Each structure stands twice: as structure tokens, then as C-alpha cells.
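A short worksheet on the structure shown next.
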């Protein structure tokens, strides 16, 4: 394909010099080679009557998943200031810092992975994907059993 240059101002097309065309050269057939001696040797076929050795056992790392039952106190219907049922804000910012909860981060991580490994799903059908989902899953379990 020829190379060209197009000027934006004058909109002229100028052919650019290119390499000289290459004449096609026919390829000659390569000389027939004799296969190496190893390829000529016969490979013994396995005896169909001898049993094959058993494959090595497959080891799989399985995490132990425990089930824990806890009792949680729930107030029947906490009233707001005007007597109507109250609600929390939708956003909860929770810090599991070491001085307040030395094992909180460890336990939340174990909870999250336990739910993830067992295929736990939220009420909307989505699988538990992260630590926030693990907390939401806990709250939904309270809702189902209340």
C-alpha cells in the first residue's frame, strides 16, 4: 500500500517515497531429511493387563467453619421522642480499633470469611461479598428471628 501525506491547509495529497517493491521469490521445497535415530526406534506399548499405578492422593486445604449460637437482647418497640417507632440512620461508621476491641477485627474477618465460604446470601439474594455485607447479614438474621 503506498504511503501518502495529506496537507490540512491545502488538502493536497503527496505520495511519500517508500521502499522499492520486493519481488516475490518462489520457495523451494526443503530437502527430505531422515528422522533422527531416536524417532525411528519403536516405543513399547504398555501391557493392557498390568494395572496402572494409582495417582497420588489429592490434598485439599479445607477451612474449619464453626457455627456459634448467641443470644441478643432486642427491645420490643423502642419509641422515638414523639412516641412513634424510631429508626437509626442508614449509615454506620464503625471503627474496630485495638484499644476498644482487641479481637473485634479478627472476629469480623472470621465472620465474613465463614459467611463467604458457606455461600450465605443477603435478603436481596446477593452473596455476602465484604465485611459490610457480613454486618448487614447479621442484622437481617435478627430481623428474621424477631
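Taken together, the values in this text are just the output of simple stated rules run on the coordinates, not laboratory data. The model shown is predicted, which means the values in this text are computed figures rather than measured ones. Note: ideal-geometry Cβ built from the backbone for every residue, glycine included; neighbour counts use all protein chains shown.
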**OP:** Using only alpha carbon pairs under 8 Å that are at least six residues apart, calculate the relative contact order of the range 104-145 and give it in whole percent.
**Re:** 34 percent
**OP:** Under 17 Å from a label point 7 Å along Cα→Cβ of residue 76: give me every residue in the range 102-146 with its amide N that close.
**Re:** 146
Subject >> Shape box of the range 104-145 [Cα atoms, principal axes, largest first, Å] >> reply: 26, 18, 15
